Amino acid sequence: MRAVFVDASETLAAVARRLLRPDDPPFAIHADPGITPQDLPPILDGAEIAVIDHTALPGDVARACAGLKHVVFLGTGARSYMDPEALAAERGIAVHTIKGYGDTAVAECAFALMWAAARGLPEMDRAMRAGSWLRTEGIQLTGKTVGLVGFGGIAAEMARLCRGIGMRVLAWNRTERTHPDVAFVALEHLLAESDVVSLHLLLTDATRGFLSAARIAAMKPGAMLINTARGALLDEAALVEALRSGHVARAGLDVFTVEPLPADHPLAALPNVTLSAHSAFRTPEASDNLIGAALDHCRRIAAG
C-alpha cells in the first residue's frame, strides 16, 4: 500500500524524511505546498493513502483519484477542506485526523496573541518602524478573567498558562467537564464576565458560526477576543463592526474564514487587531508530533 504526502512544505518534508523508517511502506513526498485540488489525481497516481496538510479535496476531485482509500489529514480541522462523511459514503474513502499533536504550541500562540493585543505591541511596532514614537496604554492581564469557549487539550494548556499569571479562568464546553482551578459556567455567564474570550472549539456543522453577532453583542463591553481555532466559528462581519465600535476592544486572530487573508479584508485595516497567519501549531516539537502520528496512521493502514 502506497502513501503520498501531497502538499508538503519544506519544513514538514524534512521532518517526514527524518522520521521515515527503512521498513515503512512506500511513502512519497511531494514537496510543493502550492498545489491546487485539481493537481491531486496525477500527484497521487493511484496511491491508496493521501497525506494532506492544507489542500482541499472536493468530491469531484476525489472521484478522479483512482485507488484512493484513505486520507490522513494533518490536524483536526479536516472539515475546512473536505466533507469526510460524503467521502466515506460516496467513495469509500476514510478520513483520519490527528489530535493533540500541537496542544501546547497552539495554547502558547493564543497566550502570545492575548499579551500582544493587550499591550498594543503590533500597533507600536508598526508606528515605530514608520518613524513615529507611538506609546499606547495597555491592559494588565493579572487579575483579569479569561473565558475559554470549548475545553479540550488546547484549552487545558491555555488554562494552565493563564492561571500561571494570576488570571481567573472560566470555561464552557458542550459536554460536562471538570478541571482544576477552572470554573465551568453557562455560555451566557462566560461571555458577560470575561475580559478575554478565547475560542477552542472544533469546527463542525453544529459550531459553524457559533460566535454569532448576538453572542458577540453579549460579550462584556471592552473585552478582547482570541481565536486560534477556526475562522468559520465566528461571524467575521459582526466582529469587524464590534471592533470598530469598541464593543470588542481588541482581537488576536490566527485563523480566518478565507485563508490566506485577502490584503483588502477589513480586519487587516483595523489597528486594534493582532494578526498571525494560521501558524499557531507551527513549532518543531508540534511538527515532529504531527508527522510522527501521520506516519503511524500510514503504518497501521498498511498493516491492515
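The table for this structure:
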| read-out | value |
| --- | --- |
| Residue check for Ala229: assigned to a loop (DSSP other than H, G, I, E, B), surrounded by 16 or more Cβ atoms within 10 Å (Cβ to Cβ) and under 23 Å from the mean Cα position of the chain (by Cα) | yes |
| Single residue of Ala86, Ala110 found to be under 23 Å from Thr207 (Cα atoms), more than 15 Å from the chain's Cα centre (by Cα) and not in a loop (DSSP other than H, G, I, E, B) | Ala86 |
| Enumeration of residues in the stretch 158-178 that are open to solvent by less than 70 Å² (accessible area, probe 1.4 Å) and assigned to a loop (DSSP other than H, G, I, E, B) | Ile165, Gly166, Met167, Asn173 |
| Answer residue from the stretch 152-198, given it is under 23 Å from Ala112 (Cα atoms) and of a type in the set (Asp, Glu) and is nearest to the chain's Cα centre (by Cα) among those | Glu157 |
| Among the residues listed as Val240, Val255, the single one being open to solvent by less than 10 Å² (accessible area, probe 1.4 Å) and not in a helix (DSSP H, G or I) | Val255 |
| Residues (of a type in the set (Gly, Ala, Ser) and touching a helix residue (DSSP H, G or I) at 6+ places or on another chain (Cβ under 7 Å)) located in the stretch 233-257 | Ala238, Ala242, Ala251, Gly252 |
| Those residues of the stretch 258-275 which are loosely packed, with under 13 Cβ neighbours inside 10 Å, part of a loop (DSSP other than H, G, I, E, B) and aliphatic (A, V, I, L, M), in sequence order | Val258, Ala263 |
| Meets criteria (aliphatic (A, V, I, L, M), at pLDDT 95 or above and touching a helix residue (DSSP H, G or I) at 6+ places or on another chain (Cβ under 9 Å)) for Ala13 | no |
| Hits in the stretch 188-200 (condition: open to solvent by 20 Å² or more (accessible area, probe 1.4 Å) and either under 13 Å from Gly150 (Cβ atoms) or outside any loop (DSSP other than H, G, I, E, B) (or both)) | Glu188, His189, Ala192, Glu193, His200 |
| Residue within the stretch 84-99 that is surrounded by fewer than 20 Cβ atoms within 10 Å (Cβ to Cβ) and touching a residue at least 60 places away in the same chain (Cβ under 8 Å) present | yes |
| Whichever residue in the stretch 101-155 is over 30 Å from Leu12 (Cβ atoms) and of a type in the set (S, T, N, Q) and, among such residues, is surrounded by the most Cβ atoms within 10 Å (Cβ to Cβ) | Thr145 |
| Pair list, Cβ under 6 Å, 6 or more apart: the stretch 215-228 residue within 15 Å of Asn272 (Cα to Cα), other residue buried (at least 24 other Cβ atoms within 10 Å of the Cβ) and among the charged types (D, E, K, R) | Met224/Arg250 |
| Whichever residue in the stretch 44-83 is open to solvent by less than 10 Å² (accessible area, probe 1.4 Å) and of a type in the set (Gly, Ala, Ser) and, among such residues, is farthest from His200 (Cα to Cα) | Ala47 |
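The values are calculated or read from the model by the stated rules, or taken from the named source; none is laboratory data. This is a predicted model, so every value here is computed, not measured. Cβ sites come from the backbone with ideal geometry, for glycine too, and all protein chains shown count toward neighbours. Heads up: the accessible areas ignore ligands, DNA and RNA and are worked out on the full protein's heavy atoms, side chains in. Shrake-Rupley method; radii C 1.70, N 1.55, O 1.52, S 1.80 Å.
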